[in-house]
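Everything below concerns the one structure shown next.
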Amino acid sequence: MQEIWFASSNNGKINEMKMLLNRLIGSGALELHSQAELPVFSQPPENGDSFVANARIKARALKAVKPGTWVFGEDSGLAVEGLNGLPGIHSARYAGPKAQDMENVAKLLKMMTLKPMSNRNAAFVSVIVAFDPQGQEHVFEGRLEGEISKNARGAQGFGYDPVFVPPGETKTLAELGLAFKNKVSHRAKATAPFIELLEKSLSV
Ligand code: IMP
């Protein structure tokens, strides 16, 4: 049984990673933990200028307290074409430093009404930075293109899921649900090659 530590306290992300790593966890090869289990762990400031820099900051901080095992950080966000890529790396705090998901969604919808915007193209981006037990770094990236809906719909998922419509769909990710999301999402795409590496490393 190999421990793997996820540098996140975002329950939405942790649930998704649990489902994505389900085969390895279910087979008993891998045991997923998160920093939420470490009451004394203090979250480092996410002051990088890119998804990869921020994912690395998170992973490194956790690696410092969990050396010699697998650790990984994930940084993600929503890049809206008509807003020049915003909220991007600022997605979690778009409406302010302590913003809740629905406040961020409300700000996004408001920003998109400020100029008449026919272009509602957007993409979710996820970058995973993992350190293996020997301390070697591995980087993975995934993207999901889509469109921003006119209003928030659906109750599943987290973050901007209620306003994100994947290609070929009319429903938002929050309406389509987690099983659907985990087949197509940016996080699923970044996780797929990571799983391959873990399988190799664990010989399963
Ligand atoms: P992070 O924890 O700094 O990576 O913040 C990521 C933020 O981007 C989240 O708080 C959400 O606002 C947004 N985000 C990232 N991935 C997703 C997703 O899968 N669905 C909806 N929003 C997401």
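Below, the figures for the structure above:
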{"item": "Check on residue 147, open to solvent by 50 Å² or more (accessible area, probe 1.4 Å), over 21 Å from residue 116 (Cα atoms) and among the charged types (D, E, K, R)", "result": "no"}
{"item": "The stretch 161-177 residues that are open to solvent by 10 Å² or more (accessible area, probe 1.4 Å), paired with ones that are assigned to a loop (DSSP other than H, G, I, E, B) (beta carbon under 6 Å, 6 or more apart)", "result": "162/152; 162/153; 162/154; 162/172; 165/149; 165/172; 175/153; 175/154"}
{"item": "Unmet criterion (only one of (1) of a type in the set (A, V, I, L, M); (2) open to solvent by less than 50 Å² (accessible area, probe 1.4 Å); (3) at pLDDT 95 or above) for residue 117", "result": "(3)"}
{"item": "The stretch 59-87: number of residues that are within 21 Å of residue 14 (Cα to Cα), surrounded by fewer than 17 Cβ atoms within 10 Å (Cβ to Cβ) and of a type outside the set (A, V, I, L, M, F, W, C)", "result": "3"}
{"item": "Selection within the stretch 138-179 - touching a helix residue (DSSP H, G or I) at 6+ places or on another chain (Cβ under 6 Å) and among the basic types (Lys, Arg)", "result": "143, 153"}
{"item": "Lone unmet requirement of (1) open to solvent by 50 Å² or more (accessible area, probe 1.4 Å); (2) more than 12 Å from the ligand (Cβ to nearest atom); (3) among the small types (Gly, Ala, Ser); (4) outside any loop (DSSP other than H, G, I, E, B) for residue 130", "result": "(1)"}
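The values are calculated or read from the model by the stated rules, or taken from the named source; none is laboratory data. Since this is a predicted model, take the numbers as computed values, not measurements. With ideal geometry, Cβ positions are generated from the backbone for all residues, glycine too; neighbour counts draw on all protein chains shown. Surface accessibility is based on the protein's heavy atoms, side chains included, excluding ligands, DNA and RNA. Shrake-Rupley method; radii C 1.70, N 1.55, O 1.52, S 1.80 Å.
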